[in-house]
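Participant: Structure provided below as structure tokens; questions to follow.
The values are calculated or read from the model by the stated rules, or taken from the named source; none is laboratory data. Just so you know, these numbers come straight off a predicted model, no measurement behind them. Counting neighbours? That spans all protein chains shown, and the Cβs are built from the backbone with ideal geometry, glycine included.
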Amino acid sequence: MFRGKFKEDGPGEKEIILNISRIGLANMVGIAQENVIRLLKEFKEEGILETDGRKIWVKDITLLIKKSNYR
């Protein structure tokens, strides 16, 4: 869903860039902003994504989906 709504064109076909605020993301998934920040930090540490301000670069969509299904 996020890919279709917030995706920006990136240099690579597999790279996904989302442009959404932490508050917006929290509201969409129905969790607190603090939890979004914690999850983004965890995913960054695991190399799944990178962030810069509002932009979130998804580096490994397969691993992100796997991790998301365990929560």
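Participant: Given (1) at pLDDT below 95; (2) assigned to a helix (DSSP H, G or I), where does LYS44 come up short, assuming only one miss?
Facilitator: With (1) at pLDDT below 95; (2) assigned to a helix (DSSP H, G or I) applied to LYS44, the lone miss is (1).
Participant: Now for a different question. Please determine whether any residue of region 62-69 is without any contact (Cβ under 8 Å) to a residue 12 or more places away in the chain and among the hydrophobic types (A, V, I, L, M, F, W, C).
Facilitator: Within region 62-69, one or more residues are without any contact (Cβ under 8 Å) to a residue 12 or more places away in the chain and among the hydrophobic types (A, V, I, L, M, F, W, C).
Participant: Still on this model: Can you tell me which residue in region 47-71 is modelled with the highest pLDDT, limited to those that are surrounded by 15 or more Cβ atoms within 10 Å (Cβ to Cβ) and assigned to a loop (DSSP other than H, G, I, E, B)?
Facilitator: Selected residue: ILE48.
Participant: Next question, about the same structure. With the condition kept exactly as written, say whether any residue in region 18-26 is at pLDDT 90 or above, charged (D, E, K, R), within 13 Å of the chain's Cα centre (by Cα) and part of a helix (DSSP H, G or I).
Facilitator: Taking every residue of region 18-26 in turn, at least one turns out to be at pLDDT 90 or above, charged (D, E, K, R), within 13 Å of the chain's Cα centre (by Cα) and part of a helix (DSSP H, G or I).
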